[in-house]
1. Round to a whole number: what % of the accessible area of the protein assembly as shown belongs to carbon and sulfur, probe 1.4 Å?
2. If we hang a label 7 Å off Cα along the beta carbon direction at A:F112, how far is it from the matching labels on the other copies, in nm, shortest first?
3. Given an 8 Å cut-off on Cα distances and at least 6 residues of separation, report the relative contact order of the range A:1-52 as a percent.
4. With an 8 Å cut-off on Cα pairs and a minimum separation of 6 or more residues, tell me the relative contact order of the range B:1-93 in percent.
5. Over the protein assembly as shown, how many percent of alpha carbon pairs lie in each 20 Å bin up to the one with the longest distance?
6. Using a 7 Å offset from Cα along Cα-Cβ at B:A148, what residues in the range A:178-193 end up with backbone N under 20 Å from the label point?
7. Express the C-alpha Rg of the range B:54-194 as a ratio against the empirical globular expectation 2.2 N^0.38 Å, rounded to two decimals.
8. I'd like the orientation of helix B:86-103 relative to chain B: the angle between its Cα long axis and the longest Cα principal axis, in ° from 0 to 90, rounded to 10.
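The values are calculated or read from the model by the stated rules, or taken from the named source; none is laboratory data. Note that the structure is predicted; figures quoted are calculated from it, not measured. So basically every Cβ, Gly included, is an ideal-geometry build from the backbone, and we count neighbours across all protein chains shown. We work out accessible area using only protein heavy atoms, side chains counted, and drop any ligands, DNA or RNA first. Shrake-Rupley method; radii C 1.70, N 1.55, O 1.52, S 1.80 Å.
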Number of protein chains: 2
Amino acid sequence: MASKAEIRKQDLREKLVAAAEIRIRTDGAAALRARDLATDAGCAVGAIYNAFEDLNAIVMSVNGRTFQALGQAVRQSLVGAETAAPTDRLILMSNAYLGFAADNTRLWRALFDVRAQETEIPEWYREALEDLFANIATPVAELFPEKAPQDLMLMVRALFSSVHGIVLLGLENRISGVPTDQIEHMISEVLSRLT
Amino acid sequence: MASKAEIRKQDLREKLVAAAEIRIRTDGAAALRARDLATDAGCAVGAIYNAFEDLNAIVMSVNGRTFQALGQAVRQSLVGAETAAPTDRLILMSNAYLGFAADNTRLWRALFDVRAQETEIPEWYREALEDLFANIATPVAELFPEKAPQDLMLMVRALFSSVHGIVLLGLENRISGVPTDQIEHMISEVLSRLT
């Protein structure tokens with residue numbers, strides 16, 4: 001049975017992650033400050049480091065939630081389209097990916113912005129990305145029945161990375177000059193040619 | 001004629017950009033501190049803000065140099081391969097892009113990491129990216145002679161973004177699980193299918 005102290009600690013962890021999510025959504029992960037989080041959660045700055053190893057661990061927890069929400073958005077795009085052609089399902093999921101990234105840009109960027117080279121990536125983190133890839137793997141396997149599992153895995157990652165790059169630079173259209181309303185068009189052209 | 005004060009200011013600017021390049025190469029743009037640059041360049045912290053509007057302007061100047069070096073690496077990959085098939089030229093340039101990104105990861109990331117949404121992107125910055133795209137535009141125009149200029153422009157950006165995404169997640173293989181030695185294979189498979 002959890003002790004009262006453990007319950008309080010768990011409660012504080014949840015408060016801190018919820019507060020960090022709001023701050024990352026608005027200002028990005030790089031701007032996260034322990035002092036602000038302590039104010040948000042109504043605790044002392046020192047209490048944060050009792051609940052989490054460091055700020056990065058809080059960002060990773062927020063990323064865990066973001067992966068959940070992103071996966072749900074991607075799967076939701078297939079509802080009612082389960083029997084569509086595999087390329088069409090890939091396009092639907094990619095557009096859902098674009099929509100999620102556009103609506104939650106800073107939370108989404110934080111997923112791939114795990115900066116510190118020395119930070120160890122937790123096993124659950126890689127699994128969350130695997131879950132995301134698993135959605136793509138089904139139509140890809142239908143499209144390339146002759147490919148060995150290892151080659152399918154690479155194809156899934158190549159497709160995901162291509163769409164990710166288009167979404168990333170498309171949303172940075174101040175730099176790339178890609179008109180935002182052309183991103184879906186580019187995704188569908190690339191996926192139709194690739195598959 | 002430039003006054004002595006102007007020459008001194010220009011000299012300081014060059015020193016600061018050279019120092020920032022070394023620091024960004026090692027620690028990334030986010031870790032850049034005015035105090036460190038002042039030490040490197042042997043000037044007062046205040047003198048930095050006399051030479052540049054802010055730290056971001058120094059990062060942008062470093063990015064200008066990086067664009068030059070990247071463009072040179074990409075063009076160099078075509079030397080002796082001018083008559084190769086357009087898809088093969090795209091693959092050569094993409095591998096040069098990968099090589100540059102792998103060898104200069106933090107400088108390369110800084111190019112696309114122009115964070116502050118409020119920062120205005122200077123015109124020369126967009127032109128530098130256009131110059132990079134121009135290298136890709138030639139083989140793409142050969143591959144799609146039927147496409148209108150506007151569609152060619154989108155195709156160039158879609159191809160660049162796809163390769164960029166593969167390089168980005170490939171170099172973040174701790175997260176993506178893409179074996180680094182498979183990045184070239186993924187690039188060549190994607191480009192062969194896309195073109």
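1. 52 percent
2. 0.6
3. Relative CO of the range A:1-52 lands at 39 percent.
4. This gives 25 percent for the range B:1-93.
5. So the P(r) values, bin by bin, are 25, 54, 20, 1, 0.
6. A:178-190
7. Dividing the Cα radius of gyration by 2.2 N^0.38 Å gives 1.07.
8. 30 degrees
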